Amino acid sequence: MSSLTTNLQDAKIRADIDRSLRHPVMFFMTSGAAWLAVSIILGIISSAKVHSPEFFASCGWLTYGRVFPAHINALIYGWGFQAAFAVIIWLMARLSRQECRSAGTILTAGHVWNFTVLLGIIGILSGNSSGMPWMEFPTFTWPVLIVTYFVIIIWSFIQFRVRPQGYVYISQWYLLAATIWFPWIFITANTLLRWFPGHPVMAAGINAWYKFGLMFLFFTPVALGAAYYLAPKVTGRPVYSYALAKLGFWSLAIVGPWAGMQKLTGAPIPYFLPYVGAAATALFFVPAFTAAINILRTAYAAPQNVEQSPSLRFTIAGIVGLLVLALAALLLNLPGSTMRLTQFSLAGYGFEILALYGFFSLVMFGAVYFIVPRVTRREWLSSTLIKIHFFFSVYGIITVALVALFGGLMQGVGQEQWEQPWANAATRAHPYAVATTIAWCFILFSNVFFFLHLTLMWLRLGRRSSHPTLLGSGHGEHHFDDGLIDTTGPSSAATH
């Protein structure tokens, strides 16, 4: 009888948490998915302009110098941050077992964030870009973004602070670290580059540090925090090794802040700085490989669930993307060989897209497919739409990332042939640019269905269910999240 009472109490707590966060979580996910579609459209235009400069040549707002940074910034601030907000506020509430009492405030801040991003994208397309990669929004936007960020995130800190006593889950480690690291890198970079600008060479170094800080110290820990939650919850197994989880976390905290300066190899700066950056980026392999192996071993403790669960399928694909990203970080930063070939080529774009979409976004899709049925109390409408989204996303991003990485190497080889015309280097990159454009079209196709599916779920048009399920081939499977298994803490504490 006591066990049944405990089950009912836990179910009520989860239901209250999900109900309290329904609107802000669905708003962030849906508006983020819309921005993702906008980013992909802009990415198709910018990629097409690489191999067909006459494409939209008569439109000044869609020149390559404007549409490419708009594409990246929409991907980062429109989709990436909003997906991260949805995951952070929901996971922290669930793990802290605290209902959200400020959903209206969070939702209002979400609208402000979206409006600011819209103004930033318009500013870039209208020619008012700052010219700093990943920071192209006009200057007036960054104070609004950081204030809005704190308004959205502060409630998760409060929930963590008033949580019931107990150990801190590894997912909470990563999420809390990400929410603390981002204001540090964002305020530091914007203050030094916008308020106290120094020498242009060092400004370029700070800008490169900011880019890698976002990749390694915000998007990576958010994705890993989500993956460390999803893999045990879907499989009903504890994390494979808590020691490995801690090793991955602290190694990321150590090497992450040093990456970025390798982009200034050959610049008139202290000679050791680019090589410190290159070493830190190469050493990213350690936390990435550690976390990936830990999560994959956890997931494949129940291999049947990998095939049946869309959440786990996307998560595993994202973790494989993390392994490829770690390998690319190692191979692209070898001093004296690949580093000089890829410094000014397509390879940098391939690495960034691999991090933002091939790793982070795929894990976020997995989180979306897990969270949405819980906050809407509805089943997903179509397993076919989910499969379309998965296969076109995975095959598309494999093409974009690998083609850009390899094409960048070929382009770098052409750039090093200084005795040949520069057009030779562009010719080498031409077929890879065409392949990238086609791949982005496939990704757009998949994400249009994703956005429509997500919007219909927000309208609560799915079959009503108080017990979320996995989507297998034609039938549902019981989801372990609704049991009492505590799988995200130390592996020795398998039950709570």
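Every number here is computed from the coordinates shown, using simple stated rules; none is lab data. Just so you know, these numbers come straight off a predicted model, no measurement behind them. As a convention, Cβ positions derive from the backbone with ideal geometry for all residues, glycine included, and neighbour counts pool all protein chains shown.
Structure notes:
- Scanning region 95-113 for residues that are within 26 Å of Phe140 (Cβ to Cβ), touching a residue at least 60 places away in the same chain (Cβ under 8 Å) and among the small types (Gly, Ala, Ser) returns a single hit, Gly110.
- Just one of (1) within 18 Å of Phe85 (Cα to Cα); (2) among the polar types (S, T, N, Q); (3) surrounded by fewer than 21 Cβ atoms within 10 Å (Cβ to Cβ) fails for Gln172. It is (3).
- The residues in region 117-135 that are within 21 Å of Phe85 (Cβ to Cβ) and surrounded by 20 or more Cβ atoms within 10 Å (Cβ to Cβ) can be counted, and the count is 5.
- Restricting region 255-288 to residues that are among the polar types (S, T, N, Q) and over 22 Å from the mean Cα position of the chain (by Cα), the residue that is surrounded by the fewest Cβ atoms within 10 Å (Cβ to Cβ): Thr265
- Enumerated helices (runs of 4 or more DSSP H) restricted to region 141-219, each holding at least 3 residues that are touching a Leu at 6+ places or on another chain (Cβ under 7 Å) and not hydrophobic (A, V, I, L, M, F, W, C): 170-190
- Which numbered condition Ile269 misses (of (1) β-branched (Val, Ile, Thr); (2) over 27 Å from Leu75 (Cα atoms); (3) assigned to a helix (DSSP H, G or I)): (3)
- Note on region 124-165: residues that are within 16 Å of Leu176 (Cα to Cα) and of a type in the set (Gly, Ala, Ser) amount to 1.
- Complete set of residues in region 241-251 that are without any contact (Cβ under 8 Å) to a residue 40 or more places away in the chain and surrounded by 15 or more Cβ atoms within 10 Å (Cβ to Cβ): Ser251
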